[in-house]
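Reading through the structure tokens given below for one structure.
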Amino acid sequence: MTDARSARRRDEPWLMRTYSGHSSAEASNQLYRTNLAKGQTGLSIAFDLPTQTGYDPDHVLARGEVGKVGVPVVHLGHMRALMRDIPPATMNTSMTINATAAWLLALYVANAEEQGVRSSELRGTTQNDVLKEYLSRGTFIFPPLPSRRIIVDMIAWTNRHAPKWNPMNVCSYHLQEVGATPVQEVSFALANAIDVLDSVRESGQVSADAFPGVFGAMSFFVNAGIRFVEETCKLRAMSELWEWIGRERYGITDDKALRFRYGVQVNSLGLTEAQPENNVQRIMLETLAVTLSKRARARSVQLPAWNEALGLPRPWDQQWSLRMQQVLAFETDLLEYDDILDGSHVVENLTAEIRDAAKAELDDILSRGGAYASVDELKRRLVASMAERTRRIASGDQVVVGVNAFTETAESPLGGDDNILRVDPAVEAAHVADVQQWRSRRDSAAVAAALRDLRDAAMSNRNIMEPSVALAKAGGTTGEWASTLREVFGEYRAPTGVGGVVAPRSEDLAAVARRSNALPGGPPRMLVAKPGLDGHSSGAEQIAIAARDAGMEVVYGGIRLTPQEIAESARDEDPDVIGLSILSGSHQSLIPDVLQELRRVGVTAPVVVGGIIPDADQPVLLAAGVAAVYTPKDYSVARIMNDIVDIVTRHRDAHA
């Protein structure tokens, strides 16, 4: 009898990536080549926050952030080192970069051309989705319309000069990370894509004959949470809606161009600090959401590591995630069959339900003028959704194993102070010296001329890509590129979404509110602030909402503040307590800086800190003068608010 397995043709597996980068271009290059040797089939580059937000390492806002959450790429020398011995003509490279995407693509193109590789040969993706930065991730620089203009310039340039490159990866991933429901994730992302495609068509830079190629090059980067049946249906619904948009709105008839092409990183929001070993099965189950259904299967997959709720993963942790993909793709029979979910009444009904609800929400956004015109409203909706998620977990309505249920546990052999990667603090000083040396050795006149041409292009609506590539070749830096465009376009402060949110208040928070209102001297006044470049603001937003619901007066001014700005705000606002939120790993540098600045201006209010802060770092912060430290395992916002009332009471009594 013939083995049935030998008679079935297996589909090719998806592109396997690991989102990585840290410390320096040299260290990251070594990591990339190691991962490729282990069977990874594409690159996914994580950049550090100064690179993402357009600052050189010697800028005041870069302090504590250099090399922490990704690789610093400041100039062409860094791109050369990052891609050393990785052939640009054959590698498929994904760059998670947004506000500075045009600049990083320019560096990538310049490096390839030095090796004799034309831009037309390059394959890969720039995320280049600034709308979701306003809504979730916070690495925006410019206002919405100039940001959209840069995206359009990149799309038009790649259409002519790099047709194998995906210039934009519409990113709904981070929307789910800040609370988006499946319907919101689908509708917000599709509204974003429509806004950009309409702008490309209206720009006059792409002919009608070339526009189907632009539509076909539009790709997506989605999320997949633990409710993997619902997530599978979400992606089937998104595929149907994308084809409908292509046919009905843009007249696309080419079936290949109409395909919904997406990559994925499965959910990080659901990864827990408590019992982090449970994250392994979470990651594996979420992977099924983007692989089970053949007609809605991801083209590329990157999985987080089990310990990302604790800090930066080590190479071994990333290997574990890569091996999960390889076991699924090469050991199971998943790729031997057509879509195994076709014909399921449950799947078809849920897909239709999500599709129809997302279509209604999409129509609402378009009626408001589109996604870019609706930033404030979309942000408000996301903050409200996250507030509801926070309430469900705190009340126990949403079970999170190891956090609010099944918390008894044996000691984990995966614990210890060495179970995450720590970036050497000397990395920052080395990069400051590096960029200063780079500036001193280049042709300054050539750089100045290239910067003038970039400014002229931005002011005249000429496509900025050619001047950006010329600046990269001349030796310009990330900070210089961004600073030049800041002068032309200005800088943006995104809405916080906190003020307009009305969410049900739990009885626990109502009890804290009664305590707050009964305090001698009145309810506490709380200043919530985010020092440094960390733009992940959801935690700060939820604390601000909870503090308001707990009867406190809340001052929250958003992200990206220097320690000096926070201290001056505290001096002017006279809070009873200051809450600082940091998720980027820069707490060891920035928290002491904030404390020092507060002392300098005479502010004595107690400081509490929240974020991804390893256990070993917490005593250091407490010894430096922090009143309390909270991490993701502290899921009960009512308990945190009760603690804050206690801290304020002790401080008032001590200063009565």
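Just a yes or no: is a residue in region 199-206 open to solvent by less than 10 Å² (accessible area, probe 1.4 Å), out of contact with any Ser or Thr (no Cβ under 7 Å at 6 or more places or on another chain) and touching a residue at least 40 places away in the same chain (Cβ under 8 Å)? Checking region 199-206: at least one residue is open to solvent by less than 10 Å² (accessible area, probe 1.4 Å), out of contact with any Ser or Thr (no Cβ under 7 Å at 6 or more places or on another chain) and touching a residue at least 40 places away in the same chain (Cβ under 8 Å). Exactly one residue out of Val601, Val555, Val594 is touching a Leu at 6+ places or on another chain (Cβ under 6 Å) and either under 28 Å from Glu428 (Cβ atoms) or open to solvent by 10 Å² or more (accessible area, probe 1.4 Å) (or both): that is Val555. Considering region 52-81 alone, what residues qualify as being over 15 Å from Gly21 (Cα atoms), crowded, with 24+ Cβ neighbours inside 10 Å and among the charged types (D, E, K, R)? Selection gives Asp56 alone. If you scan region 112-128, which residues turn out to be of a type outside the set (Gly, Ala, Ser) and either out of contact with any Leu (no Cβ under 9 Å at 6 or more places or on another chain) or in contact (Cβ under 8 Å) with a residue 40 or more places away in the chain (or both)? Correct list: Glu113, Gln115, Val117, Arg118, Glu121, Leu122, Arg123, Thr125, Thr126, Gln127, Asn128. When you look at Asp129, is it within 17 Å of the chain's Cα centre (by Cα) and either open to solvent by 10 Å² or more (accessible area, probe 1.4 Å) or at pLDDT 95 or above (or both), yes or no? Answer is yes for this residue. Do any residues in region 439-460 that are in contact (Cβ under 8 Å) with a residue 24 or more places away in the chain have Cβ atoms under 9 Å from those of residues that are open to solvent by 60 Å² or more (accessible area, probe 1.4 Å) and among the acidic types (Asp, Glu), where the two are at least six apart or on different chains, and which pairs are they? Short answer, once both residue conditions are applied: Arg455/Glu487; Ala458/Glu487.
For Thr158, the conditions (1) farther than 26 Å from Met386 by Cβ; (2) of a type in the set (Ser, Thr, Tyr); (3) within 18 Å of the chain's Cα centre (by Cα) are fulfilled apart from (3). Return the total of residues in region 617-648 being in contact (Cβ under 8 Å) with a residue 60 or more places away in the chain, open to solvent by less than 40 Å² (accessible area, probe 1.4 Å) and either among the polar types (S, T, N, Q) or closer than 20 Å to Ala309 by Cβ (or both). Residues meeting the conditions: 4.
When region 315-353 is filtered for residues that are farther than 26 Å from Leu43 by Cα, of a type in the set (A, V, I, L, M, F, W, C) and in a helix (DSSP H, G or I), the ones remaining, listed by number, are Val346, Val347, Leu350, Ala352. Listed here are the strands (runs of 3 or more DSSP E) enclosed by region 1-97 that have at least 3 residues being within 19 Å of Asp317 (Cα to Cα), within 19 Å of the chain's Cα centre (by Cα) and in contact (Cβ under 8 Å) with a residue 12 or more places away in the chain: 43-46. If the requirement is being among the hydrophobic types (A, V, I, L, M, F, W, C), touching a residue at least 60 places away in the same chain (Cβ under 8 Å) and surrounded by fewer than 22 Cβ atoms within 10 Å (Cβ to Cβ), which of these qualifies: Ile194, Ile141? None of the others qualify; the one that does is Ile194.
Only one of Ala472, Ala540, Ala547, Ala513 is crowded, with 18+ Cβ neighbours inside 10 Å and under 26 Å from Leu76 (Cα atoms); which?
Just a single option satisfies the conditions, and that option is Ala472.
The values are calculated or read from the model by the stated rules, or taken from the named source; none is laboratory data. Because the structure is a prediction, the values reported are computed rather than measured. Cβ: placed from backbone, ideal geometry, glycine included. Neighbour counts: every protein chain shown. Ligands, DNA and RNA are excluded from the accessible area calculation, which covers all protein heavy atoms including side chains. Shrake-Rupley method; radii C 1.70, N 1.55, O 1.52, S 1.80 Å.
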